[in-house]
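None of the figures in this text is laboratory data; all of them are computed from the coordinates on show. A quick note: this is a predicted structure, and the numbers were derived from the prediction, not measured. Methodologically, a virtual Cβ is constructed for each residue, glycine included, from the backbone with ideal geometry; neighbour enumeration extends over all protein chains shown.
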Amino acid sequence: MAAAARERFAKKNEAVDLRRAFDKLDSKGDGKIDTDELVRFFTIMGYKAKKKDVEDMIWEVDEDCDQCVSWSEFQSMYHRCRADLTGYEPRRLFNVVEFIMNDKDDSGTVSVEEAMQILYLRYGKGLLDTQLEEIFGTSDTNSGKDLTLSEFLQSLNMSQVRQLRSKVTAKTYKAPPPQQKKKL
């Protein structure tokens, strides 16, 4: 599939999956995701989260300070994180959304096979195996490897920590050697 066609297809599928994720978290159906809805989702998924951590997760993306995440804030958060090359954008809610988008069969786990489509559409064939190994520890679709929400979030968190640690900082920057002046 050509890169441009793959990107168009990915954006269309991504929009549908993003709406599905929002609707799954918005269990009250009021067009906003609040702390109670997120805590309820985590409880169903068997993920232990402190209420304060969930409140912080919402606060990170709550632009109008109503202690809820609206559809527009949700979309904005998602697209900011997807476009972030620095790794500094808050990603806790984004990572939860990634899990929901990858859990195509609503089983409460994400398999290598389920993640493969989204990762292929995002990164192409060349980086697909690398991305799968980063998240699952394998790129073998026959491995039967499924990740729960807890495992998926831990894997993404570790990957993001590695990304941040590999960045050049003031302590790790090495200036290039001075150039020798050429004599005429």
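What the table shows:
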{"read-out": "Length-normalised contact order of the chain in % [C-alpha pairs under 8 Å, at least 6 apart]", "value": "18"}
{"read-out": "Projected label distance in nm at Asn142 and Asp66, using a 7 Å step from Cα toward the beta-carbon", "value": "5.2"}
{"read-out": "Gaussian network model of the chain, Cα within-10 Å springs - most flexible of Asn102, Asn13, Asn142", "value": "Asn142"}
{"read-out": "Tail beyond 22 Å, pair distance distribution of segment 50-134 (Cα, percent)", "value": "35"}
{"read-out": "Identified option (computed Rg and Dmax of the Cα atoms in Å; candidates (i) 16.8, 53; (ii) 16.0, 54; (iii) 19.4, 78)", "value": "(iii)"}
{"read-out": "Mean Cα-pair separation over length for segment 19-75, i.e. relative contact order, pairs under 8 Å, 6 or more apart, %", "value": "33"}
{"read-out": "Taking segment 57-165 and dividing mean pair separation by its residue count, relative contact order in percent (alpha carbons under 8 Å, at least six apart)", "value": "22"}
{"read-out": "Cut-off of 10 Å, at most 13 other beta carbons, DSSP loop: longest stretch of the chain lacking such trypsin sites (Lys or Arg not before Pro)", "value": "51-166"}
{"read-out": "Residue-by-residue Karplus 3J(HN,Hα) for segment 58-74, coefficients 6.51, -1.76, 1.60, Hz, glycine and proline x", "value": "6, 4, 4, 10, 7, 6, 9, 6, 9, 6, 9, 10, 7, 4, 5, 5, 4"}
{"read-out": "Mean-position separation - Cα centroids, segment 79-122 and segment 124-143, in angstrom", "value": "14"}
